[in-house]
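These notes concern the structure reproduced below.
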């Protein structure tokens with residue numbers, strides 16, 4: 001027995017001597033392994049996989065064994081000291097000091113011949129890590145098994161994350177620690193290592209959604225303000241059990257979105273569930289909007305952000321995604337055309353033209369607690385409308401609340417404004433068409449005279465009849481056409497009219513894209529509204545002044561009475577049209593017209609009628625101004641102060657006034673720039689040379705040519721005066 005023990009001791013000593021003679025070599029390691037395995041047979045290398053510690057011997061890790069002296073003690077100590085992994089793995093050990101895990105064996109195990117990490121695929125490395133973590137973190141591992149990340153790993157995607165990709169390797173820290181990779185302030189950065197904003201370089205979904213989160217309310221609150229309670233990726237998608245939105249169990253699945261958002265926004269969730277949308281959601285309606293439909297998924301932004309879906313500038317578009325779809329409205333029993341009817345209302349027009357304070361859908365209907373108008377809790381219930389309108393219009397009363405907001409001008413629901421619009425459309429087209437025909441006829445007459453077709457130009461003041469013309473009217477003498485008061489009234493009329501046109505036409509023609517640019521040039525919608533009222537006040541003041549002058553001045557009354565249209569004016573107008581056409585000889589040969597032409601020879605068109613101070617054109621223009629002022633002021637006052645009228649007039653009165661006000665303004669504008677400007681300034685022979693509006697006078701030649709009847713009357717009066725003297 002002693003001989004066997006001695007031989008064993010001698011073999012151990014010999015092997016150890018050989019190993020110590022060549023320290024640090026693979027041969028020494030192999031000798032050590034064989035020597036130690038004589039007693040420790042459980043420590044064996046797996047030949048199927050290369051060992052991570054193949055170049056190391058037992059004493060490289062078990063430092064106490066290296067200090068064993070076999071001459072003093074045949075057996076090494078039974079209790080060896082802890083293995084000092086930091087001897088070789090200094091960086092990992094240093095990182096581990098920062099983390100919560102200090103025991104290498106807890107994660108790496110006690111296998112002395114673990115396979116090389118580099119020899120494993122990405123899926124194998126992550127599977128080994130997950131298995132190691134699962135020893136202590138079984139609940140988290142169970143959650144992870146149902147995640148999209150785990151399914152990707154199971155499908156062979158080696159880029160999908162395991163535990164260490166999110167939590168770190170040796171420097172794992174609790175989520176509450178600021179330097180932890182899964183601390184709220186660092187979690188987005190951790191997720192974005194895979195879910196990159198640059199979708200071209202990312203192996204996981206990301207792209208624009210990452211940018212939206214970082215620039216949205218949640219990301220900015222986290223990044224800029226350090227608000228750790230702000231939503232992070234894990235707040236919505238979960239931590240270990242991240243699932244695809246198509247998964248019914250995912251927190252981001254459509255049916256789960258309200259409750260997911262409600263974890264932070266509990267009060268809003270309760271309000272939402274009480275409203276019409278929440279009630280439909282509770283019934284299982286799949287078309288009902290949830291939080292992300294209005295606020296978006298990742299790009300949730302404050303209402304003060306103009307790019308936000310729920311900002312005052314864009315909330316109507318957001319609501320219109322459902323309420324602007326007539327098929328959707330019909331399917332769910334909603335009122336159709338509400339987007340179009342709001343868009344054509346004052347609020348919708350103001351919003352489209354950049355008015356920041358214009359009422360939008362949420363201003364009247366609310367935000368999350370939206371109720372049907374039949375519900376007494378609704379802000380648009382009949383009993384609550386006065387208060388709702390009063391939130392923006394402090395002086396709003398019951399009558400003001402009757403102003404239609406979603407009225408559609410159609411034959412079925414709103415027939416009176418519909419037919420008024422039809423009539424005005426025909427009127428505008430007809431009148432402007434007549435203006436253009438008048439201009440074309442006048443131009444043709446001038447061309448006819450230039451080429452000598454038909455009757456020549458009429459000479460009303462003949463030298464043979466008035467040989468004393470120069471004695472009666474000195475050449476160069478000027479005659480007053482407009483007195484100072486008339487020119488001042490004309491200046492106020494032009495200024496007010498132009499101001500009303502440039503500030504009112506954009507509202508009437510708001511659908512034209514460039515109208516927004518015009519409003520911006522005017523200083524914005526709010527300033528436009530003030531300027532429009534300034535123009536309206538100027539027009540009202542001018543009309544009041546004109547009426548007072550008419551009532552107080554006999555001369556003004558005679559002038560106004562002289563502006564009434566008489567049959568002679570119509571006959572002269574038709575005679576001039578006949579003269580311009582040059583059909584005098586042809587008409588004279590028509591037996592059927594002989595009696596008419598005998599009674600009204602002017603209609604024959606052989607000579608140009610002898611126009612007096614005012615012809616049909618001037619009288620029509622004056623009557624149009626009077627009529628237009630009455631209509632514009634009347635409808636404008638009702639639109640400005642509807643509460644004064646709608647308590648004793650039908651609600652459709654407001655829509656009628658809107659139609660009339662807009663079309664009358666359009667008619668007046670076109671009449672001025674087409675007919676009046678041509679008649680006064682644009683005619684050939686006097687192009688932009690009529691300065692009567694400025695100095696109020698006409699020369700003898702101008703009066704003789706344009707108003708021969710008035711000029712002849714002056715000659716007669718002066719000849720009579722000379723004869724009498």
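The values are calculated or read from the model by the stated rules, or taken from the named source; none is laboratory data. None of the values given here were measured: they were computed from a predicted structure. Don't worry about glycine lacking a Cβ; one is built from the backbone with ideal geometry, like all the others, and counts go over all protein chains shown.
How many residues does region 318-332 contain that are assigned to a helix (DSSP H, G or I) and either closer than 18 Å to residue 296 by Cβ or within 18 Å of the chain's Cα centre (by Cα) (or both)? I'd like the intermediate steps shown before the answer.
Quick first cut of region 318-332, residues assigned to a helix (DSSP H, G or I) only: 318-323, 326-332.
If we keep only those that are either closer than 18 Å to residue 296 by Cβ or within 18 Å of the chain's Cα centre (by Cα) (or both) too, we end up with 318-323.
Total satisfying the criteria: 6.
Filtered by the rule that a residue be in a helix (DSSP H, G or I), surrounded by 14 or more Cβ atoms within 10 Å (Cβ to Cβ) and touching a residue at least 12 places away in the same chain (Cβ under 8 Å), region 389-425 gives 389, 400, 401, 402, 416, 417, 420, 421, 424.
Any residue at all in region 548-555 that is free of Cβ contacts under 8 Å to residues at least 60 places away in the same chain and closer than 16 Å to residue 669 by Cβ? No: region 548-555 contains no residue that is free of Cβ contacts under 8 Å to residues at least 60 places away in the same chain and closer than 16 Å to residue 669 by Cβ. Of the helices (runs of 4 or more DSSP H) lying entirely inside region 521-586, those containing at least 1 residues that are farther than 27 Å from residue 632 by Cα span 554-562, 567-581.
The lone criterion from (1) modelled with pLDDT under 90; (2) under 38 Å from the mean Cα position of the chain (by Cα); (3) assigned to a helix (DSSP H, G or I) left unmet by residue 647 is number (3). Among the conditions (1) over 29 Å from residue 461 (Cβ atoms); (2) in contact with a helix residue (DSSP H, G or I) (Cβ under 7 Å, 6 or more places away or on another chain), the only one that residue 594 does not satisfy is (2).
For region 587-610, enumerate the residues that are within 22 Å of residue 708 (Cα to Cα) and outside any helix (DSSP H, G or I).
Hits for region 587-610 are 600, 605, 606, 607, 608, 609, 610.
When the residues of region 173-212 are narrowed to those that are surrounded by fewer than 16 Cβ atoms within 10 Å (Cβ to Cβ) and closer than 20 Å to residue 299 by Cα, which ends up modelled with the lowest pLDDT?
To start, the set of residues in region 173-212 that are surrounded by fewer than 16 Cβ atoms within 10 Å (Cβ to Cβ) comprises 174-179, 189, 193, 198-201, 203, 205, 207-208, 211.
Restricting the remaining residues to those that are closer than 20 Å to residue 299 by Cα gives 189, 193, 198-199, 205, 207-208, 211.
Working: 189: 90, 193: 87, 198: 77, 199: 62, 205: 78, 207: 84, 208: 87, 211: 88.
My answer is 199.
Is there a residue in region 372-388 that is within 17 Å of the chain's Cα centre (by Cα) and outside any helix (DSSP H, G or I)?
First, pick out the residues of region 372-388 that are within 17 Å of the chain's Cα centre (by Cα): none.
Taking every residue of region 372-388 in turn, none turns out to be within 17 Å of the chain's Cα centre (by Cα) and outside any helix (DSSP H, G or I).
Going by the structure shown, is residue 519 touching a helix residue (DSSP H, G or I) at 6+ places or on another chain (Cβ under 6 Å), touching a residue at least 12 places away in the same chain (Cβ under 8 Å) and over 30 Å from residue 641 (Cα atoms)? No: the conditions fail for residue 519.
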